[in-house]
Amino acid sequence: MPEPTGVIHDIGYQRYTGPRLGRRHVFGALYLHGLRTAFGLGRTAKAKIFPWLVVGIVTVTAAALTAVRTQIGQVLLTYAQFADAMSWLVIFFVAVVAPELVSRDLRSGVLPLYFSRPLPRGDYALAKLAALVTALWLLLGGPQLVMFLGAAFTTKTGMRGVWNELLDLLPGLLYAGLWAVVFASVGLLVASLTGKRAFAAGGIVAVFLMTTPIVGTLSIMPSRTVNELAGLASPSTLVQGVGAWALRDWLLTGEQSAGVSVGRFGPVYAAAALLLVAGSIVLLLARYRKVATR
Amino acid sequence: MTLIATESLTKTYGGRVTALADLTVAVEPGIIGLVGANGAGKSTLIKILLGLLAPTSGRVRVLGLDPTTDPAAVRARVGYMPEHDALPPDLSAAELVTHLARMSGLPRTVARERASEALRHVGLYEERYRPVGGYSTGMKQRVKLAQALVHDPDLLLLDEPTNGLDPAGRDAMLALVHRIGTEFGISVLVCSHLLGEVERICDTLVAIDGGRLLRADHIAAMTSATDVLAVEVSEGTDDLAARLAALDLPVRREGRLLLVPLADDGTYDLILGAVAELDLPLHRLDQRRHRVAELFATREPSNA
């Protein structure tokens, strides 16, 4: 038997002289980490169940809609209407993912480990927000893409048909983006207030769902102005209101009238949505200026 | 180069609670022990050094940089181990330390390599792939130390690294800190409320109390000046004390013992001479290396 030739040397501690990446890269790394966390990637199997359940439901729905459309030749839901129809699932997705992104870090006390590194506090919050926005947009945009592909491959008018379909898809993706930005900024702000995930999830559902009865009550008041402004009271109807104003042609089809009639207050809805997002981000940043300083 | 320098550093919370009061101290690279009772202002000082808290007044420099104006530059070169639990239970140590290495700006592959290196240096091998939630307190402390070490800082700030550890765990952690300070070439500020612990490993000792500096000096300077001889005789202790006092030796009674500061070898001769002249039965005469704790214990009342 030959003598062992390999010897293990303890080379001791090695100093690091290689590159240290800047703020943009660190932000990117945290963003990607957040996006993976949102879908439970790199996490336990338990963390994957819910996100992928929701992804499965929306994708199957999109596939079913596409199948029906190719069979009976009728568009049941436009791309933008699809986003509206999925709003409940979006809310539940936010309620699960937003606490996963921020409440968990608050709970485990890991924030001092982040904030003792060069990364500014605001970057932490914004990277998490960007990750949630992207996750929501993918959640709605992915199935829209499925619908588009289904329609594009079965179109009877050749390239023109595909082009027309694409012109329908783009506003749909834009509308999905609006859903994503509004729901992510409000949801993340609520989740950042508590380290208990169950409380955070409950709070998010409450903010999004408990406000709908208010809209319902306001929309049956005798005043038409009140009716038309009623949608402002809840994030879901606010987004639908903006959609009804800006994407009228894509959202309102023939016999179906939209759930929200905004009358001439469309710009008010747009301004309110903008204010809601901006306000949520300002509060989120303020929250992270204070949190875990002691 | 001065490692850490503060000048009239003051921090008050809400204008009422004073955490640091007019603290001026400068320390050289090495292992620095920061001791003080709970609430003495140790954690506040560490957070100011990291730029996490802004001082109410006064100036501070870490590695020649000002953490109040350029916190990112300071934090890039400093590693911080917090006192409290700071680990998400469902991640493995390898994942967590790799992620935090990336947060310090290391490229992806380097982050993974250095994470396993750092975990190996603190003594975590195969268990690093298991979720942190199942770790013992000692292992968790090691993970916290590894994440502070992973980006190769020039200075480590360790807030109570031996907290919650059993005596064996304390010894292992202190040995590890000592190794980092001596073999790795990284300066360490280790903070503790247990003086006996840090004095074993550090070169410099900074003692604070109620946010004020008690003393900052090399540990050698503190202990050498305080070596004493303990004399015990079976009878005639009072006579011997009077005799030694007459010889201009500052004698102190401690129970059945007489404590005499050791100036040089001549002190031995004086004591032995006195014992022989009085013809007393000498029970014991030995040199006692004064613990720094006693130094403070005898100093504080006289200062107050």
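The values are calculated or read from the model by the stated rules, or taken from the named source; none is laboratory data. As the structure is a computational prediction, the values presented were derived from the model and not from experiment. All Cβ positions, glycine included, derive from the backbone under ideal geometry; neighbour counts span all protein chains shown. Surface areas here come from the heavy atoms of the whole protein model, side chains and all, with no ligands, DNA or RNA. Shrake-Rupley method; radii C 1.70, N 1.55, O 1.52, S 1.80 Å.
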Report, by residue number, each residue of the range B:186-229 that is among the hydroxyl-bearing types (Ser, Thr, Tyr) and in contact with a His (Cβ under 7 Å, 6 or more places away or on another chain).
B:204, B:223, B:226
Pair list, Cβ < 8 Å and 6+ apart or interchain, from the range B:166-184 residues that are within 13 Å of chain A (Cβ to nearest Cβ) to residues that are in a loop (DSSP other than H, G, I, E, B) and among the polar types (S, T, N, Q)
none
Tally of residues being touching a helix residue (DSSP H, G or I) at 6+ places or on another chain (Cβ under 6 Å) and either free of Cβ contacts under 8 Å to residues at least 12 places away in the same chain or part of a loop (DSSP other than H, G, I, E, B) (or both) across the range B:1-37
1
State the number of residues belonging to the range A:150-188 that are without any contact (Cβ under 8 Å) to a residue 12 or more places away in the chain, part of a helix (DSSP H, G or I) and open to solvent by 70 Å² or more (accessible area, probe 1.4 Å).
7
Test: residue in the range A:80-88 that is under 16 Å from residue A:186 (Cβ atoms) and open to solvent by less than 50 Å² (accessible area, probe 1.4 Å)
yes
Quick count over the range B:188-199, residues being more than 20 Å from residue B:2 (Cα to Cα) and either surrounded by 15 or more Cβ atoms within 10 Å (Cβ to Cβ) or of a type in the set (S, T, N, Q) (or both), is 6
In the range A:68-79, anything open to solvent by 50 Å² or more (accessible area, probe 1.4 Å) and either part of a helix (DSSP H, G or I) or at pLDDT 85 or above (or both) is listed as A:68, A:69, A:70, A:71, A:72
Among the residues that make up the range B:135-155, is at least one of them open to solvent by less than 50 Å² (accessible area, probe 1.4 Å), over 26 Å from residue B:178 (Cβ atoms) and touching an Asp or Glu at 6+ places or on another chain (Cβ under 9 Å)?
no
Do the conditions hold for residue A:41, that is, is it in contact with a helix residue (DSSP H, G or I) (Cβ under 8 Å, 6 or more places away or on another chain), part of a loop (DSSP other than H, G, I, E, B), away from every other protein chain (no Cβ under 11 Å) and farther than 15 Å from residue A:125 by Cα?
yes
Single match in B:194, B:189, B:155, B:124 (criterion: touching a helix residue (DSSP H, G or I) at 6+ places or on another chain (Cβ under 7 Å) and at negative phi):
B:124
Within the range A:94-126, residues being in a helix (DSSP H, G or I), among the hydroxyl-bearing types (Ser, Thr, Tyr) and farther than 13 Å from residue B:88 by Cα number 1
Looking at residue A:53 and the list (1) of a type outside the set (D, E, K, R); (2) more than 10 Å from chain B (Cβ to nearest Cβ); (3) not in a helix (DSSP H, G or I), which single condition is not satisfied?
(3)
Anything in the range B:55-111 that is surrounded by fewer than 18 Cβ atoms within 10 Å (Cβ to Cβ), under 24 Å from the mean Cα position of the chain (by Cα) and away from chain A (no Cβ under 12 Å)? List them, or say none.
B:59, B:64, B:66
Of all residues in the range B:82-114, which are under 12 Å from residue B:148 (Cβ atoms), aliphatic (A, V, I, L, M) and at pLDDT below 95?
B:86
Please go through the range B:132-184 and give me each residue that is within 15 Å of the chain's Cα centre (by Cα) and under 19 Å from residue B:113 (Cα atoms), ordered by number.
B:180
Restrict the check to the range B:119-142 and report whether at least one residue is farther than 20 Å from residue B:84 by Cα, within 9 Å of another protein chain (Cβ to nearest Cβ) and modelled with pLDDT under 95.
yes
Residue list for the range B:257-304, restricted to those being modelled with pLDDT of 60 or more, among the polar types (S, T, N, Q) and assigned to a helix (DSSP H, G or I):
B:267
Only one of (1) open to solvent by less than 30 Å² (accessible area, probe 1.4 Å); (2) closer than 22 Å to residue A:115 by Cβ; (3) part of a loop (DSSP other than H, G, I, E, B) does not apply to residue B:40, and that is (2)
